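The values are calculated or read from the model by the stated rules, or taken from the named source; none is laboratory data. All of these numbers come straight from a predicted model, not from anything done at the bench. In this analysis, Cβ positions are derived from the backbone assuming ideal geometry, glycine residues included, and neighbour counts consider all displayed protein chains. These accessible areas exclude ligands, DNA and RNA; they are computed on the full protein's heavy atoms, side chains included. Shrake-Rupley method; radii C 1.70, N 1.55, O 1.52, S 1.80 Å.
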Amino acid sequence: MLIKRAYSIACPLIDAQGRLVRATERSCREFYIALVNRPGKQESMLTPRLFRLQKGDRIYCDRRVRGRYTLGNIDPQSNVVFASTGTGEAPHNAMLAELLARGHLGNIVSAVCVRKQRDLAYLKAHRELERQFANYCYLPLTTREPINLDSGLSGFVGKRYLQDYLSSGDLERDAGWQLSPENTHVFLCGNPQMIGTRSGDRIHEGQAKPGMIDVLRQRGFSVDAKDVMGNIHYERYW
């Protein structure tokens, strides 16, 4: 039985010597995939089958890369924010490596929200890139660590979601610069509730609070579309 699903191509960011690596420079393709286990449905689900693969096993991969979620013609002077949840970081890593390799002049931030610190698979690589590139900043958030759940801890911060992080001003404080629709592009990938309202309709039925698009629109940002040039870009998985 062939099971097909769209995945974004990821990027290791750095090689064994700590040097920046573009996704296009690799002879193989890297994918960032989380294992989803649902008892009784293993054979009908893709990720358990992927995680059982051994070296030399065959896997189907389409010959063409498809989709519109790309950097496009980002001005070298523009500021760029990549905001993602979980494995939504995958395409952003490839875009980030491309920008840095080009010598991008604007500020770049990658803000990632995961449940636990251990879910930050590329943390060490991002920290190395921060050391090498003065215009880059990596901002990881968690929602299920003790500091997110136990108010009795001295370092308690509560559950930290990207839309709240932006609304509170903490993202800009930690990044060290202000987001402006005049010179900033924001890329969103991951949970539909994080992404927010699309074309006037909720992506996720019954969404309890605004997503990133909602917050950004209030600040003068607009969604990029085929017939409208905007500065909010999001991956269309749903």
TODO: Tell me which of these residue 158 doesn't satisfy, since it passes every other one: (1) more than 27 Å from residue 21 (Cα to Cα); (2) at pLDDT 95 or above; (3) part of a loop (DSSP other than H, G, I, E, B).
DONE: (2)
Open item on the list: Please go through region 122-169 and give me each residue that is touching a residue at least 40 places away in the same chain (Cβ under 8 Å), over 15 Å from residue 194 (Cβ atoms) and surrounded by 18 or more Cβ atoms within 10 Å (Cβ to Cβ), ordered by number.
Closed with: 122, 125, 126, 129, 136
Task: The one condition in (1) in contact with an Asp or Glu (Cβ under 9 Å, 6 or more places away or on another chain); (2) hydrophobic (A, V, I, L, M, F, W, C); (3) farther than 20 Å from residue 224 by Cβ that residue 111 fails to fulfil - done: (3)
TODO: Test each condition in (1) surrounded by fewer than 16 Cβ atoms within 10 Å (Cβ to Cβ); (2) among the hydrophobic types (A, V, I, L, M, F, W, C); (3) in a helix (DSSP H, G or I) for residue 31 and report the one that comes out false.
DONE: (3)
TODO: Only residues that are part of a helix (DSSP H, G or I) and either within 16 Å of residue 189 (Cβ to Cβ) or open to solvent by less than 70 Å² (accessible area, probe 1.4 Å) (or both): list them for region 209-238, please.
DONE: 212, 213, 214, 215, 216
Task: Exclusive hit being touching a residue at least 12 places away in the same chain (Cβ under 8 Å) and under 22 Å from residue 136 (Cα atoms), set 85, 47 - done: 85
Open item on the list: Can you find, within region 171-199, the residue that is most open to solvent (accessible area, probe 1.4 Å) among those that are of a type in the set (S, T, N, Q) and either farther than 17 Å from residue 161 by Cβ or not in a strand (DSSP E or B) (or both)?
Closed with: 178
Open item on the list: Just to check your reading of the model, which residue among 117, 77 is touching a Leu at 6+ places or on another chain (Cβ under 6 Å), polar (S, T, N, Q) and touching a residue at least 24 places away in the same chain (Cβ under 8 Å)?
Closed with: 77
- [ ] Considering every residue within region 56-73, establish whether at least one is in contact with a helix residue (DSSP H, G or I) (Cβ under 8 Å, 6 or more places away or on another chain) and more than 23 Å from residue 185 (Cα to Cα).
- [x] yes
Open item on the list: Checking the condition among the small types (Gly, Ala, Ser) and closer than 21 Å to residue 156 by Cα, which residue from 111, 121, 97, 101 passes?
Closed with: 111
Open item on the list: Against the definition (more than 15 Å from the chain's Cα centre (by Cα) and loosely packed, with under 12 Cβ neighbours inside 10 Å), how does residue 65 come out, yes or no?
Closed with: yes
TODO: Could you please find all residues in region 98-121 being open to solvent by 70 Å² or more (accessible area, probe 1.4 Å) and on the phi > 0 side of the Ramachandran plot?
DONE: none
Open item on the list: Looking at residue 77 and the list (1) open to solvent by less than 40 Å² (accessible area, probe 1.4 Å); (2) at pLDDT 95 or above, which single condition is not satisfied?
Closed with: (1)
